[in-house]
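Peer 1: Below is one structure. I have some questions about it.
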Amino acid sequence: MNSTPIITDTHTHLYSEEFDQDRDEMIQRAIDAGITRFFIPAIDAAATQSMYDLEKNYPENVFLMMGLHPTYVKDNYLDELAHVETELSKRKFYAVGEIGIDLYWDKTHLKEQQIAFKKQIQLAKQHKLPIVIHCREAFDEIFEILEEEKSEDLFGIFHCFSGTLEQAKRAISYKMKLGIGGVVTFKNGKIDQFLDQIDLKHIVLETDSPYLAPIPYRGKRNESSYLINVISKLADIYKVSEEEIAAITTQNSKEVFGI
């Protein structure tokens, strides 16, 4: 029996056109490295078909989310939300995501982003699914809505967590796990300085491929196999083995996604 623990990438855009030239090879590299579970966040309606194609090609490994990404909340956001609602009612998904608020690129649609975030949290509750949160320069705005919506059936992942210890504890208080990826390896990433004060049971692993590649690939295209570099950094921070990091974080991902 193979004792190598299963590794889970809880956030990877494997359908991204950045992988169009070598998608199968890239996924195979990850599988060869022991990363065999890929959770796929949605962006908008335009991405849906490519997500379904990916799932068809890797039915054992790929688990889909459905949602409207905050930077894609534009004037047609109600049509996009209707699409999310329709798809959720048609088939099985493992989370509503990625959803949230992003004030880094554009603040003009803040009100629509808030409406979309709230509406999708309510859809997640209705379908008894976790949420996967995208937060950029918007902790206060996100926490405000989580505070309004907090309940037994609100839970999920704070993807690409890059806040302070205080914000980490607050996220955890809303039954969120912290999605940790390439940022933890950055010199200026900051989260590596306090992560050991957060119990590993609150941590899941992610790459956010093709974005946010860990050191030594920073600035290049990220891919799921690079999760190994994140594991190695976490083993260092928590002073435990890489196997233990892999096993605990995969167990945590099962608690969130129910699979």
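The values are calculated or read from the model by the stated rules, or taken from the named source; none is laboratory data. Owing to the predicted nature of the structure, the values given are computational and were not obtained by experimental measurement. Cβ atoms come from the backbone with ideal geometry, glycine included; neighbour counts cover every protein chain shown. All accessible areas refer to the heavy atoms of the entire protein, side chains included, with ligands and DNA or RNA removed. Shrake-Rupley method; radii C 1.70, N 1.55, O 1.52, S 1.80 Å.
Peer 1: With Kirkwood's inverse mean 1/r over C-alpha pairs for Rh, give me the Rg to Rh ratio of region 42-174, two decimals please.
Peer 2: Values: Rg = 14.4 Å, Rh = 15.0 Å.
Taking Rh as the inverse mean 1/r over Cα pairs, Rg/Rh reads 0.96.
Peer 1: Rounded to the nearest 0.05, what FRET efficiency is calculated for residue 220 and residue 173 with R0 set to 41 Å and r the Cβ-Cβ distance? Kindly include the intermediate steps, with their values, before the conclusion.
Peer 2: Numbers: r = 36 Å, r/R0 = 0.87.
Result of the calculation: an efficiency of 0.70.
Peer 1: Treating the chain as a set of equal point scatterers at the Cα positions, no solvent, please give the Debye-formula log₁₀ I(q)/I(0) at q = 0.08, 0.10, 0.12, 0.14 Å⁻¹.
Peer 2: The calculated log intensity ratios at q = 0.08, 0.10, 0.12, 0.14 Å⁻¹ are -0.28, -0.44, -0.65, -0.91.
Peer 1: Okay, next question. On a straight-distance basis, which lysines could pair with residue 119 in a cross-link, Cα separation under 28 angstrom, same-chain partners fewer than 8 positions away excluded?
Peer 2: List returned: 74, 90, 92, 107, 111, 128, 150, 169, 175, 177, 254.
Peer 1: Full extension from residue 251 to residue 82: what is 0.36 nm times the residue separation minus their Cα-Cα distance, to one decimal in nm? If you can, show how the numbers build up before the last one.
Peer 2: Details: separation 169, 0.36 × 169 = 60.84 nm, distance 3.30 nm.
Separation in residues times 0.36 nm, less the Cα-Cα distance, equals 57.5 nm.
Peer 1: OK, next. For the pair residue 18/residue 240, report the inter-label distance in nm, with labels modelled 7 Å from Cα in the Cβ direction.
Peer 2: 2.9
Peer 1: Roughly how compact is region 1-62, stated as its Cα Rg over 2.2 N^0.38 Å to two decimals? Display every interim value, and only then the final one.
Peer 2: Numbers: Rg = 12.1 Å, N = 62, 2.2 N^0.38 = 10.6 Å.
With N residues counted in region 1-62, Rg over 2.2 N^0.38 Å equals 1.15.
Peer 1: Rg to Rh ratio, region 105-259, alpha-carbon atoms and Kirkwood radius?
Peer 2: On the way: Rg = 15.6 Å, Rh = 16.2 Å.
Over the Cα atoms of region 105-259, Rg/Rh equals 0.96.
Peer 1: Something else: Could you tell me, in Å, what Rg and Dmax come out for the Cα atoms of region 210-259?
Peer 2: When restricted to Cα atoms, region 210-259 yields Rg and Dmax of 12.3, 33 Å.
Peer 1: Given the rule -39500 (n - 2.57) for each run of at least 4 DSSP H residues, summed and divided by the residues of the chain, what is its mean residue ellipticity at 222 nm, to the nearest 500 deg cm²/dmol?
Peer 2: Working: 8 runs with 99 residues, N = 259.
Theoretical 222 nm ellipticity from helices: -12000 deg cm²/dmol.
Peer 1: Considering only protein heavy atoms and a 1.4 Å probe, what is the carbon-and-sulfur percentage of the accessible area of the chain?
Peer 2: Values: 5770 of 11740 Å².
Answer for the chain: carbon and sulfur cover 49 percent of the accessible area.
Peer 1: Follow-up. State to the nearest 20 debye the size of the charge dipole of region 33-168 about its Cα centre, where the only charges are +1 on K and R beta carbons and -1 on D and E beta carbons.
Peer 2: Details: 14 positive and 23 negative charges, 101 e Å.
For this selection, approximately 480 debye.
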